[in-house]
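Structure record follows, encoded as structure tokens.
Every number here is computed from the coordinates shown, using simple stated rules; none is lab data. Just so it is clear, the structure is predicted and the values come from calculations on it, not from any experiment. Using ideal geometry, Cβ is built from the backbone for each residue, glycine included, and neighbour counts are taken over all protein chains shown.
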Amino acid sequence: MTDSATETPTTAPSPTSTRDLALLPKGHLHLHMEAAIRAETLKDMGAGAGIVIELPDLSQTYSDFSAFSNTYRSMLAVLVKPENLFRLIDESVEDAAREGVVYVEFGASPHFYIDTFGSIEDALQIIIDKCAEAGTKWGVEIGLMITIDRTESVEIANAYAEVAAAFAGKGVVSIGLANDERGHPAEDFEEAFAIGRAAGLLSTPHAGELAGPDQVWKAIEVLHADRILHGVTSVQDPALLARLAADGICLDVCPTSNLLLSVVDEIDAHPLRVLLDAGVRCSINADDPVLFGPNILSEYELCRSVLKLTDAQLAACAWSSIECGGGSAELKAKAKVDIEAWLAS
């Protein structure tokens, strides 16, 4: 990874900055595709299928991670219809464009759609094609992160990694690892990530969300992470913070998600600012908007108003979300200029 500490402008903004965060070019690197759906669209799809969709009460935290996971999977009942999946992709990319996102790295799970499209390869190709179509329509570049479920077997993970590797450079840019860390350590998936990395995919596992710094260390040393999704428990280990900063490993942080899954007790106690002050690169993300509430623009606004990030820090996060993603060199060059222009405005 490259160190942007000397590359990102650091002009101090006014404490009452009114720079429009929707105009700040940003990447969305931690976004699970199914949960990018609009709430009203999900309800509409459910009504069309005769299914009552119960969305969570966002004024309360989830009782545990399994409650969240079960809610996520309940959405698949309507999304297995091709026209619903295609609508989800188009609308979520439209939303991204409106929020100032120039690059989306969807966390994709094509195995959800094997019954719909006949095979995992066919499902993945269709998702890639529809993402490209929506990206062209709305002016957003899109890459896919193929997400391994760490609660499945190592054999399934390795087979899934082979599929991801076959699509490297053809729409797939990274290989991820999601679901509950507890009891499913990162080191179990060393071979799967080696397969992905050998094909040129970025290593982008979840770590340091529900488990402690030890899993972040494993993500770095065993899975050779380029980015880590969440990673916020790293603040418990000064040596780990130093390693993340020295290696330029980006943490794809999701403040509201961390609150509603009880990773942090209060939103104003979120460690994002501590991470940035330690020199750790971070991107700002929404994770699962339909299940947590805020979109990415709202998360940036929260980071400004509640976590008190300066515009220089927000611009640095935006640049990390571009440079550390799987977007094209052309996209990165243009975004860098545009982020600098936003900060200079």
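Miscellaneous remarks
- Scanning the range 16-41 for residues that are under 18 Å from the mean Cα position of the chain (by Cα), assigned to a helix (DSSP H, G or I) and farther than 15 Å from Glu299 by Cβ yields Met33, Glu34.
The rows are residues; the columns are (1) touching a residue at least 24 places away in the same chain (Cβ under 8 Å); (2) touching a strand residue (DSSP E or B) at 6+ places or on another chain (Cβ under 8 Å); (3) hydroxyl-bearing (Ser, Thr, Tyr).
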| residue | (1), (2), (3) |
| --- | --- |
| Thr116 | yes, no, yes |
| Ser119 | no, no, yes |
| Thr136 | no, no, yes |
| Glu152 | no, no, no |
| Ala159 | no, no, no |
| Ala178 | yes, yes, no |
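- Selected residue (criterion: surrounded by the most Cβ atoms within 10 Å (Cβ to Cβ)) from residues of the range 296-329 that are more than 17 Å from the chain's Cα centre (by Cα) and farther than 21 Å from Ala278 by Cβ: Glu301
- Pairing each residue of the range 260-283 that is part of a helix (DSSP H, G or I) with any residue that is buried (at least 20 other Cβ atoms within 10 Å of the Cβ) and among the basic types (Lys, Arg), provided the two are 6+ apart or on different chains, yields C-beta distances under 9 Å for Leu275/Arg281.
- Of the residues making up the range 235-249, not a single one is of a type in the set (Asp, Glu), buried (at least 22 other Cβ atoms within 10 Å of the Cβ) and in contact (Cβ under 8 Å) with a residue 12 or more places away in the chain.
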